[in-house]
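Engineer: Pasting a structure here, questions to come.
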Amino acid sequence: MGCFGSSDPNAKLIQEACRGKTEEQKKVIEYFVKQEGCFSKNMTSDEYLALVAKKKDSMNFRSIAINKIGLDEDEINEIPPVKFEGFVFKNAYSKSLPSGNYISSSYQVAWLFFSSTQVYIYRHTFNMDDSKKNESTDEFFYKDVTSFSTSTQTETSRNVAGQSIEVPTNKFCMVVPGDKLYVSMDGVEDAESIVQAMKQKLREKKS
(Lines give C-alpha, C1' and ligand atoms only; values in the text may rest on other atoms or scores of the structure.)
Protein backbone atom coordinates (compact mmCIF):
# COMPACT_ATOMS: atom_id res chain seq x y z
CA MET A 1 0.00 0.00 0.00
CA GLY A 2 2.49 2.69 0.52
CA CYS A 3 6.05 3.36 1.46
CA PHE A 4 6.71 3.63 5.16
CA GLY A 5 10.33 2.59 5.00
CA SER A 6 13.40 4.44 6.28
CA SER A 7 13.96 6.02 2.85
CA ASP A 8 11.32 8.64 3.72
CA PRO A 9 12.17 10.83 6.73
CA ASN A 10 8.45 11.42 7.28
CA ALA A 11 7.63 7.70 7.37
CA LYS A 12 6.46 7.60 10.98
CA LEU A 13 4.44 10.80 10.62
CA ILE A 14 2.82 9.49 7.45
CA GLN A 15 1.98 6.20 9.12
CA GLU A 16 0.31 8.06 12.01
CA ALA A 17 -1.62 10.32 9.60
CA CYS A 18 -2.88 7.24 7.74
CA ARG A 19 -4.13 5.47 10.86
CA GLY A 20 -7.81 4.57 10.49
CA LYS A 21 -8.03 5.85 6.91
CA THR A 22 -9.41 4.06 3.87
CA GLU A 23 -6.98 2.82 1.22
CA GLU A 24 -7.92 5.72 -1.05
CA GLN A 25 -7.42 8.27 1.73
CA LYS A 26 -4.01 6.76 2.54
CA LYS A 27 -2.96 7.13 -1.10
CA VAL A 28 -4.07 10.76 -1.06
CA ILE A 29 -2.04 11.51 2.08
CA GLU A 30 0.99 9.81 0.56
CA TYR A 31 0.55 11.79 -2.66
CA PHE A 32 0.79 15.06 -0.76
CA VAL A 33 3.47 14.29 1.82
CA LYS A 34 5.65 11.37 0.74
CA GLN A 35 8.98 12.46 -0.68
CA GLU A 36 9.91 11.60 -4.25
CA GLY A 37 12.29 8.71 -4.71
CA CYS A 38 10.58 6.37 -2.28
CA PHE A 39 10.60 2.82 -3.62
CA SER A 40 6.81 2.57 -3.93
CA LYS A 41 5.13 4.74 -6.52
CA ASN A 42 2.85 7.63 -5.63
CA MET A 43 -0.18 8.39 -7.72
CA THR A 44 0.47 11.08 -10.33
CA SER A 45 -1.06 14.55 -10.19
CA ASP A 46 -3.30 13.66 -13.13
CA GLU A 47 -4.51 10.58 -11.26
CA TYR A 48 -5.22 12.67 -8.18
CA LEU A 49 -7.14 15.30 -10.15
CA ALA A 50 -9.16 12.51 -11.77
CA LEU A 51 -9.94 11.16 -8.31
CA VAL A 52 -11.19 14.58 -7.19
CA ALA A 53 -13.32 14.94 -10.33
CA LYS A 54 -14.81 11.48 -9.81
CA LYS A 55 -15.80 12.27 -6.23
CA LYS A 56 -17.20 15.67 -7.22
CA ASP A 57 -19.20 14.24 -10.11
CA SER A 58 -20.61 11.45 -7.95
CA MET A 59 -22.56 14.05 -5.98
CA ASN A 60 -25.23 16.06 -7.76
CA PHE A 61 -24.57 19.30 -5.91
CA ARG A 62 -27.08 21.31 -7.94
CA SER A 63 -29.94 18.99 -6.96
CA ILE A 64 -28.73 18.87 -3.37
CA ALA A 65 -28.63 22.66 -3.27
CA ILE A 66 -32.15 23.06 -4.69
CA ASN A 67 -33.52 20.52 -2.21
CA LYS A 68 -31.82 22.34 0.66
CA ILE A 69 -33.25 25.66 -0.50
CA GLY A 70 -36.72 24.15 -0.87
CA LEU A 71 -37.75 25.97 -4.04
CA ASP A 72 -38.74 24.87 -7.53
CA GLU A 73 -36.46 25.53 -10.49
CA ASP A 74 -38.87 28.09 -11.95
CA GLU A 75 -38.70 30.12 -8.74
CA ILE A 76 -34.94 30.65 -8.96
CA ASN A 77 -34.34 31.60 -12.58
CA GLU A 78 -34.07 35.40 -12.32
CA ILE A 79 -30.63 34.90 -13.86
CA PRO A 80 -28.96 31.56 -14.65
CA PRO A 81 -27.67 29.75 -11.55
CA VAL A 82 -23.98 30.19 -10.88
CA LYS A 83 -21.50 27.48 -9.90
CA PHE A 84 -18.15 28.29 -8.32
CA GLU A 85 -15.63 25.62 -7.41
CA GLY A 86 -12.01 25.06 -6.57
CA PHE A 87 -9.53 23.76 -4.06
CA VAL A 88 -9.46 25.21 -0.55
CA PHE A 89 -6.29 25.22 1.50
CA LYS A 90 -7.08 26.14 5.08
CA ASN A 91 -5.92 23.25 7.29
CA ALA A 92 -5.55 21.02 4.21
CA TYR A 93 -2.56 19.34 2.59
CA SER A 94 -1.35 21.24 -0.47
CA LYS A 95 1.04 20.79 -3.36
CA SER A 96 2.25 22.93 -6.26
CA LEU A 97 2.06 21.63 -9.82
CA PRO A 98 4.67 22.28 -12.56
CA SER A 99 2.28 24.93 -13.90
CA GLY A 100 2.66 26.88 -10.67
CA ASN A 101 -0.93 26.24 -9.62
CA TYR A 102 -1.65 24.76 -6.23
CA ILE A 103 -3.96 21.87 -5.41
CA SER A 104 -5.05 20.56 -2.03
CA SER A 105 -6.77 17.74 -0.21
CA SER A 106 -9.99 19.79 0.16
CA TYR A 107 -12.37 20.85 -2.59
CA GLN A 108 -15.35 23.21 -2.52
CA VAL A 109 -18.40 23.47 -4.78
CA ALA A 110 -20.91 26.30 -4.41
CA TRP A 111 -24.17 27.04 -6.20
CA LEU A 112 -25.88 30.44 -6.21
CA PHE A 113 -29.52 30.81 -7.23
CA PHE A 114 -31.49 34.00 -7.84
CA SER A 115 -35.22 34.46 -7.31
CA SER A 116 -37.13 37.67 -7.89
CA THR A 117 -36.46 38.82 -4.33
CA GLN A 118 -33.59 36.77 -2.91
CA VAL A 119 -30.19 35.24 -3.59
CA TYR A 120 -29.43 31.77 -2.24
CA ILE A 121 -26.00 30.23 -1.75
CA TYR A 122 -25.17 26.59 -1.08
CA ARG A 123 -21.59 25.65 -0.17
CA HIS A 124 -20.14 22.15 0.17
CA THR A 125 -16.53 21.35 1.02
CA PHE A 126 -15.30 17.76 0.98
CA ASN A 127 -11.93 16.28 1.90
CA MET A 128 -10.00 13.67 -0.02
CA ASP A 129 -7.94 12.56 2.98
CA ASP A 130 -10.84 11.89 5.36
CA SER A 131 -14.63 11.54 5.39
CA LYS A 132 -15.37 14.97 6.83
CA LYS A 133 -17.51 17.44 4.93
CA ASN A 134 -18.88 20.90 5.54
CA GLU A 135 -22.02 22.27 3.94
CA SER A 136 -24.17 25.33 4.47
CA THR A 137 -27.16 27.08 2.90
CA ASP A 138 -27.84 30.80 3.23
CA GLU A 139 -30.38 33.19 1.73
CA PHE A 140 -30.54 36.95 1.61
CA PHE A 141 -32.85 39.60 0.21
CA TYR A 142 -31.16 41.64 -2.50
CA LYS A 143 -31.60 44.80 -0.45
CA ASP A 144 -29.50 43.21 2.30
CA VAL A 145 -26.61 42.21 0.03
CA THR A 146 -23.91 44.85 0.18
CA SER A 147 -21.80 43.60 -2.72
CA PHE A 148 -20.48 40.79 -4.89
CA SER A 149 -16.72 40.86 -5.45
CA THR A 150 -13.58 38.83 -6.08
CA SER A 151 -10.40 38.83 -4.05
CA THR A 152 -7.02 37.16 -3.85
CA GLN A 153 -6.27 35.77 -0.43
CA THR A 154 -3.56 33.74 1.25
CA GLU A 155 -4.66 30.56 3.01
CA THR A 156 -2.55 28.49 5.37
CA SER A 157 -2.27 24.81 4.50
CA ARG A 158 -0.12 22.20 6.25
CA ASN A 159 2.21 19.32 5.70
CA VAL A 160 2.41 16.03 7.57
CA ALA A 161 4.77 17.53 10.17
CA GLY A 162 2.27 20.30 10.94
CA GLN A 163 4.35 22.99 9.24
CA SER A 164 2.43 25.85 7.65
CA ILE A 165 2.45 26.60 3.93
CA GLU A 166 1.06 29.89 2.60
CA VAL A 167 -0.94 29.48 -0.62
CA PRO A 168 -2.48 32.26 -2.79
CA THR A 169 -6.07 31.61 -3.85
CA ASN A 170 -8.88 33.43 -5.65
CA LYS A 171 -12.21 33.85 -3.90
CA PHE A 172 -15.71 35.07 -4.68
CA CYS A 173 -17.05 37.19 -1.84
CA MET A 174 -20.63 38.09 -0.99
CA VAL A 175 -20.81 40.83 1.63
CA VAL A 176 -23.93 40.92 3.81
CA PRO A 177 -24.64 42.74 7.07
CA GLY A 178 -22.18 41.52 9.68
CA ASP A 179 -20.61 38.84 7.51
CA LYS A 180 -18.61 38.01 4.39
CA LEU A 181 -19.23 34.70 2.62
CA TYR A 182 -16.23 33.40 0.67
CA VAL A 183 -16.23 30.74 -2.04
CA SER A 184 -13.31 29.24 -3.96
CA MET A 185 -13.39 30.05 -7.66
CA ASP A 186 -9.96 28.87 -8.85
CA GLY A 187 -11.68 26.10 -10.81
CA VAL A 188 -13.83 28.50 -12.90
CA GLU A 189 -12.31 29.97 -16.06
CA ASP A 190 -14.84 32.78 -16.68
CA ALA A 191 -15.37 33.71 -13.03
CA GLU A 192 -14.82 37.44 -13.52
CA SER A 193 -17.49 37.76 -16.24
CA ILE A 194 -19.92 35.71 -14.13
CA VAL A 195 -19.39 38.03 -11.17
CA GLN A 196 -19.89 41.09 -13.39
CA ALA A 197 -23.30 39.76 -14.47
CA MET A 198 -24.20 39.18 -10.83
CA LYS A 199 -23.16 42.74 -9.94
CA GLN A 200 -25.39 44.07 -12.71
CA LYS A 201 -28.38 42.12 -11.43
CA LEU A 202 -27.72 43.32 -7.90
CA ARG A 203 -27.62 46.94 -9.09
CA GLU A 204 -30.94 46.45 -10.89
CA LYS A 205 -32.56 44.93 -7.81
CA LYS A 206 -31.32 47.64 -5.47
CA SER A 207 -32.22 50.58 -7.72
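The values are calculated or read from the model by the stated rules, or taken from the named source; none is laboratory data. What you see is a predicted model; the values in this text were computed from it and never measured. So basically every Cβ, Gly included, is an ideal-geometry build from the backbone, and we count neighbours across all protein chains shown. These accessible areas exclude ligands, DNA and RNA; they are computed on the full protein's heavy atoms, side chains included. Shrake-Rupley method; radii C 1.70, N 1.55, O 1.52, S 1.80 Å.
Engineer: Of the peptides 157-163, 175-181, how do they stack up when ordered by the mean number of other Cβ atoms within 10 Å, highest first?
Structural biologist: Working: 157-163: 14.9, 175-181: 11.9.
Taking the mean over residues of other Cβ atoms within 10 Å, the ranking is 157-163, 175-181.
Engineer: Let me ask you something else. Could I have the simple spin-label model distance between Ser63 and Ser45, label points 7 Å from Cα toward Cβ, reported in nm to one decimal?
Structural biologist: With each label point 7 Å from Cα toward Cβ, the separation is 3.4 nm.
Engineer: So, one more: What does the helix-only formula give at 222 nm for the chain: each DSSP H stretch with n ≥ 4 adding -39500 (n - 2.57), the total divided by the residues, and the result rounded to the nearest 500 deg cm²/dmol?
Structural biologist: -8000 deg cm²/dmol
Engineer: Still on this model: I'd like the distance separating the alpha-carbon centroids of segment 111-147 and segment 162-207, in whole Å.
Structural biologist: Cα centroid of segment 111-147 versus Cα centroid of segment 162-207: 12 Å apart.
Engineer: Under the definition of Cα pairs under 8 Å and six or more residues apart, what whole-number percent is the relative contact order of segment 165-207?
Structural biologist: Relative contact order for segment 165-207 comes out at 26 percent.
Engineer: How far apart, in nanometres, would the label points at Lys201 and Asn77 be if each is projected 7 angstrom from Cα along the Cα-to-Cβ direction?
Structural biologist: 1.3
Engineer: Match the structure shown to one of the listed values (1) 22.9, 73; (2) 17.0, 52; (3) 19.4, 66 of Rg and Dmax of the Cα atoms in Å, computed from it, and give that label.
Structural biologist: (3)
Engineer: Tilt of helix 45-57 relative to the longest C-alpha principal axis of the chain, in degrees (0 to 90, nearest 10)?
Structural biologist: Roughly 40 degrees between the two axes.
Engineer: Sorting Ser45, Ser99 by accessible area (1.4 Å probe), largest first, what list results?
Structural biologist: Details: Ser45 40, Ser99 85 Å².
The residues order as Ser99, Ser45, largest area first.
Engineer: Let me ask another. As a test question: what accessible area, to the nearest 10 Å², does Glu192 have when a 1.4 Å probe is rolled over all protein chains in place?
Structural biologist: Rounded to the nearest 10, the figure is 100 Å².
Engineer: Which net charge results when you count Lys and Arg as +1 and Asp and Glu as -1 among the other residues whose beta-carbon is under 9 Å from that of Lys143?
Structural biologist: +1
Engineer: Helix 23-33 against the longest principal axis of the chain: what's the angle in degrees, Cα atoms only, rounded to the nearest 10?
Structural biologist: 80
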